[in-house]
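Asks: Structure provided below as structure tokens; questions to follow.
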Amino acid sequence: MNLLIPFLFSLGAGIVFAVMKTSSRRLLCISAIAAAAVQAVLLTLPLIIKTEGITIWRFSQSLRISLHADGIGALLGLLTGWGWLLCIIFSAAYMRHEERESTFYAFLFLSQACLIGVFFADNLFSLYLFFEMTTLASLPLVLHSRTKDATAGGMSYLFYSLAGAIIALFGLMVIYHEAGTLDFVPGGYLTEAHSGALLLIGIFACVIGFGAKGGLYPLHAWLPAAHPQAPAPASALLSGIITKSGVIAILRLLFYVIDPALIRGTWVQYTLLTLALVTILIGSALALTEKNLKRRLAFSSVSQVSYVLAGLFLLNHTAVLGALLQIIFHMIAKSGLFLCAGALIWFTGKSQSEDYIGLGKKYPALFVCYTVFSLSLIGIPPAGGFYSKWYLAQGALEGAGPFAYIVPVVLLISALLTAGYLLPVTGKAFFSGKDLTQTVERERTPAAFLLPLILLAAAAILPGLFFPGVGDAVSALCAGIFG
């Protein structure tokens, strides 16, 4: 299979929905689900069969837009395809009362096309272009409601993303000047022999710029401003998958362009680790004090995505394995949590966490799924999220110096804070202190809500029950990163 096929499919689907004029909402939803299902299959194929790369455009001998399938790209493609399908199924019920639904689907598919470019990019130049396009394609999802808050959130998203992109561009220019190429090679090719003050500054700038998409401090403020404004299915994708565009850019830079030894033990590694740990604590602390459920989950993403970044910045196999596992299980848990929050807002019309007190009997399936996702995000075994935190801590302990102990302590503190802002919602829903003998009539939950939530809940638990197989597969991917 040629990688251009899934890219053009998403691009074409986005264009079709942008111009689609139909009075039949049923036809619109069926078309969107069918397109997402086909794309999910297409994005699964790179894990199964040999997939050909493609050069889309060549600017010069060393600068080109090209796609290539490797293990990391195939994994992210798989998550993207099936994540989009589940969220579009959820949208079939959620978007029932929303305007401009066809436009919503159009920008979902256009965003997916850009992410395919990011995850399967063959070089840092291609990745950077698709990274920029992802911002522009996903911005209308934040602006969808066209309210004052949505506009403010969208402008915050645009400002921080463009600021990060400009900072990253400076780094790219420095790296290209030093190496003469931006191709990806497992293990990297900028070694200690290339070490110099300007190159280290360029690498640092690149990480900070790409880190803006993942909410790395100090470019993190856009997440709680933007994510809650998008419709819940888009919030799930923004937080669960689109934030990973920045993460994968950093991973490609640190392990496919530079040799990790180049920055190991330098001010660059220590500063980046410090920023990641600060972000973890800030995100968790702010989530604990936030009452709006979607904003709370957005602050949580600030923290949880930086778990991945901390693992990458530790620069060893075990920590990177933990980072890859965190990418997978954060996508599952956080997408599920945003969909649960969206369903509760859809049913009640209320968005504050205190508004759901005593509703556990009325919407039991929603709160059971919410609890499963919460346990995975906290890192309670056998949920998959436990294993990512475990390997992150083990990776830190393999190192030397103060970070060997600081990282595990920060992870434990953040886990306690995560429990503090997620589990009270469940506790108050089922144990409100009200008369528990009072009969509460259950409200029917649409199948379009239940199916994605149940599948995501199963995905959050089952890999943890059969972890040796999952762990070996991801560990093999991780070994390929180091060349």
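The values are calculated or read from the model by the stated rules, or taken from the named source; none is laboratory data. All values reported here derive from a predicted model rather than from experimental measurement. Because the Cβ atoms are built from the backbone with ideal geometry, glycine has one as well, and the counts that use them run over all protein chains shown.
Asks: Working carefully through the options K294, K361, K334, find the one that is surrounded by fewer than 18 Cβ atoms within 10 Å (Cβ to Cβ) and touching a helix residue (DSSP H, G or I) at 6+ places or on another chain (Cβ under 8 Å).
Replies: Residue meeting the stated conditions: K361.
Asks: Also, I was wondering about something else. Determine if segment 192-201 includes at least one residue that is among the acidic types (D, E), surrounded by fewer than 18 Cβ atoms within 10 Å (Cβ to Cβ) and touching a residue at least 60 places away in the same chain (Cβ under 8 Å).
Replies: Within segment 192-201 (the criterion being among the acidic types (D, E), surrounded by fewer than 18 Cβ atoms within 10 Å (Cβ to Cβ) and touching a residue at least 60 places away in the same chain (Cβ under 8 Å)), the answer is yes, since at least one residue qualifies.
Asks: Then there's this: Say whether the condition of being within 19 Å of F120 (Cβ to Cβ), surrounded by 15 or more Cβ atoms within 10 Å (Cβ to Cβ) and among the β-branched types (V, I, T) is met by at least one residue in segment 34-43.
Replies: Looking through segment 34-43, at least one residue is within 19 Å of F120 (Cβ to Cβ), surrounded by 15 or more Cβ atoms within 10 Å (Cβ to Cβ) and among the β-branched types (V, I, T).
Asks: Something else now. So S102 clears everything in (1) surrounded by fewer than 23 Cβ atoms within 10 Å (Cβ to Cβ); (2) farther than 22 Å from T22 by Cα; (3) out of contact with any strand residue (DSSP E or B) (no Cβ under 7 Å at 6 or more places or on another chain) except one condition, right? Which one?
Replies: Tallying (1) surrounded by fewer than 23 Cβ atoms within 10 Å (Cβ to Cβ); (2) farther than 22 Å from T22 by Cα; (3) out of contact with any strand residue (DSSP E or B) (no Cβ under 7 Å at 6 or more places or on another chain), S102 fails exactly one: (2).
Asks: Six or more apart or on different chains, Cβ under 6 Å: which pairs go from a residue in segment 42-64 that's more than 19 Å from A74 (Cβ to Cβ) to one that's surrounded by fewer than 15 Cβ atoms within 10 Å (Cβ to Cβ)? Could you list them?
Replies: Final answer for the pair search is R64/T55; R64/R58.
Residue by residue, here is whether (1) within 14 Å of W390 (Cβ to Cβ); (2) in contact (Cβ under 8 Å) with a residue 60 or more places away in the chain; (3) outside any helix (DSSP H, G or I); (4) of a type in the set (G, A, S) holds:
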residue: G322; (1), (2), (3), (4): yes, yes, no, yes
residue: A333; (1), (2), (3), (4): no, yes, no, yes
residue: A341; (1), (2), (3), (4): no, yes, no, yes
residue: E354; (1), (2), (3), (4): no, yes, no, no
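Asks: Looking at (1) surrounded by fewer than 16 Cβ atoms within 10 Å (Cβ to Cβ); (2) closer than 24 Å to L182 by Cβ, which one does L67 not meet, given that it meets all the others?
Replies: Tallying (1) surrounded by fewer than 16 Cβ atoms within 10 Å (Cβ to Cβ); (2) closer than 24 Å to L182 by Cβ, L67 fails exactly one: (1).
Asks: I'd like to know if segment 205-222 contains one or more residues that are surrounded by fewer than 23 Cβ atoms within 10 Å (Cβ to Cβ), modelled with pLDDT of 90 or more, farther than 27 Å from G71 by Cβ and over 20 Å from the mean Cα position of the chain (by Cα).
Replies: Yes: segment 205-222 contains one or more residues that are surrounded by fewer than 23 Cβ atoms within 10 Å (Cβ to Cβ), modelled with pLDDT of 90 or more, farther than 27 Å from G71 by Cβ and over 20 Å from the mean Cα position of the chain (by Cα).
Asks: Only residues that are in a helix (DSSP H, G or I), of a type in the set (D, E, K, R) and farther than 18 Å from S239 by Cβ: list them for segment 136-179, please.
Replies: Hits for segment 136-179 are K148, E178.
Asks: Quick one: is L76 crowded, with 18+ Cβ neighbours inside 10 Å and touching a Lys or Arg at 6+ places or on another chain (Cβ under 8 Å)?
Replies: yes
Asks: Among the listed residues T371, T426, T348, which satisfies the condition of being over 25 Å from the mean Cα position of the chain (by Cα) and either at pLDDT 85 or above or not aromatic (F, W, Y) (or both)?
Replies: Answer to the check: T348.
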